[in-house]
Structure formats: C-alpha cells, structure tokens
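The values are calculated or read from the model by the stated rules, or taken from the named source; none is laboratory data. In this text the structure is predicted, and so the values were computed from the model without any measurement. Cβ coordinates were reconstructed from backbone atoms using ideal geometry, including for glycine residues, and neighbour counts include every protein chain displayed.
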Amino acid sequence: MAQPAGGPSSHPRPPPAPQQPSSGWLRSIDAVYDLFERPEIAAQAPHLSEKVRTAVRLCEDVIREVGWHRCALSFNGGKDCTVLVHILAAVQRRLLSLSSSTSSSSSNMEKFIAFSASPTHGYNLDLVTVPGGMKEGLRTYLEGGGSTQIGCNGADVDAETQAQAQRQGEGGPRPKRDIQCVFIGTRRDDPHGPSLSARSWTDADWPRVERIHPILTWEYKDVWDFLRCRHLADPQAAVDHDALASTYGVAGGGDEGVPYCLLYEQGYTSLGSTYNTHPNPVLRLDDSATAQTSDRHPVVVGDGTASGRWKPAYMLQDGSLERAGREGSSAASSSSSKLAERPVA
C-alpha cells in the first residue's frame, strides 16, 4: 500500500474540519427579514414585503406554539417549497424535512433536493424520503419509515449516523415520529387550494397532522419575485452556473437570487410526474425567435422528455397558465387559444 506524502506516521491524522456555509449564503437567508424589517428595502417592493412578513410571522407563531421538534417540511424541490424552505431557514437554520417522492420523479429534481439538503450550500436538512402518494407517504413517515439522507448525496453524514440509518433500513427499530405540524408550499391557486386556510388539519381519513401554508395567498409572480429578489442574492459568491446545472440541477443563485431547480430555466412552470409534465407551451420559442436569439440547435430538456427551446418560468406573464404544461389540467386545454390571442414575446 502506498504511503501518503511525508512518510508513515504513528499519529492518526485529525478528521478534516467540517465545511461551513459561506457568509454570503447566510446573509441571503437572513435577508428574508430585511424584506419587511428594513423600511428602505420594503418600500422598493411593498407587495412582496407584506407577503413575506405574513409568511414569516405564521412560521414563528407555529414554531413557538408546538416547538421545532414537532414540525416537518414537505419538500419536493419545486419552486413553492423552495420559497418556503428559504423562509423557514431564516426563522431557524436547522429543521427536520419530509420529502415525498414517487418512482417517476425527475432526476433533475432529485439532484436539486440533494443540493438543498447540504449544510454548506443548502439548508442543512435531514431528508426522509418516502415513496408513494402524499397520504401514504405521510403515514409511512409518521410511523418512522422512509429512507434517511443528511446533506448532499449523504457525504455530510457522520459514520455513526450512517450506521444507524443502515440498521433501520435492515429492519431495525423505527420509533414513531412525534410530528404535529407539516409546513407545505401550497398556494390558493393550486388544485384544492381555494378550500384551505393558513392552518388546516388533515381530513378524517388522513394521518392526523396540522398543515401549515405560509405562502397560501401568494401568486405565481410573487414566487418568482422572491426567488429572483436581488436583496436575497449573494453577489460575492463565485458561482459556476454551468457546473451547478450539470452536477446539481440548479439554476439561479449567486447574484441571481435564491437557487432553484434547473427545470424552471427550461420552460417548465409546474412540476409533477415525468409522465404528465412538459415545458409550458406558452413559453416555447418558435423557429424564427430561436434563429434571432441563438445559432444553437434545439436542446433536450427535462431529463430527455422534451426537445426545443423555451423561455424560463419567471418570464410567464399570465399566472393562470402556470399549469399549461401539465397533462389533464384546464390550463393545458385552453393554452392554445390563449397563445393565438397573445403571441410569445
């Protein structure tokens, strides 16, 4: 076996010091409060300022009432829960996270979730991934099930934590999770959103938890105003956007605001299963527009499920067409007629 440079030593090397998040990234998180506590910033975007203030106060009230240890976050990597996790991180930089996924989830989404879990460039999440739909996934989670991942790709997990997770995965004891509240990034214009309130208990046939909806009154534009807010940017960060996109499925970040899933940069405006989600047709660039803006050939997007060129999601002007790329949605069936009324600019 080759010896390390400098020859053998009788003293074991100390473990490497854990990486810490950059001061710029922490400022980006803390700046959530600046949006409504600093009058000169709030005056620049009063509508967004009030939305953020209301969301933060609801999070604070719930956490003071039930305690952090009884709260979880439903996080699937979408734009709404990305807003929510950034807000929650500002309230408390460490929290327990529940991720509900299916076997058809996008690899871009999975990479972004791993990025978001990292303690160095994400939100320091303890991820518990459970298969199936939300109802069964929630039941499995509360019963102690699911696979645990801490940090990005598990690389930040200490040996004992990995061993414990492995023992549990092999049939070891799984204590029930004492969770009372789950933070969810649902908005009023989502399906079933109109019937919800900021705090809503699950239905009688669901596992008993209180659903907390801090951004329930936000609209599509509010989400993108937040994610691309320059006051939440980290202009000093040395961000290689191409590397982040290919390695972690990340767009945004650095001087562009809060990091978000790459699929939104490729024309997707609402993410579901890979079987029913496509880039939004309203954002598609036709051949003439593509020729004017780039000499490159159409690209494959969405893990190979589509090919072409689209504007990014934040350029969608009509929020009612947010779900036009989702099969079976009313927006999808009406998008062609609305396209004819208003050409893509």
**Asked** Among the residues of the stretch 321-344, is there at least one that is of a type in the set (Val, Ile, Thr) and modelled with pLDDT of 70 or more?
**Response** no
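Do we find that Leu95 is of a type in the set (A, V, I, L, M, F, W, C), modelled with pLDDT of 95 or more and surrounded by 19 or more Cβ atoms within 10 Å (Cβ to Cβ) in this structure? Break it down stepwise before answering.
On the way: of a type in the set (A, V, I, L, M, F, W, C): yes; modelled with pLDDT of 95 or more: no; surrounded by 19 or more Cβ atoms within 10 Å (Cβ to Cβ): yes.
No: the conditions fail for Leu95.
Which one of Thr217, Thr186 is under 19 Å from the mean Cα position of the chain (by Cα), surrounded by fewer than 17 Cβ atoms within 10 Å (Cβ to Cβ) and within 19 Å of Cys59 (Cβ to Cβ)? Give the derivation first.
Details: Thr186 fails: surrounded by fewer than 17 Cβ atoms within 10 Å (Cβ to Cβ).
The conditions single out Thr217.
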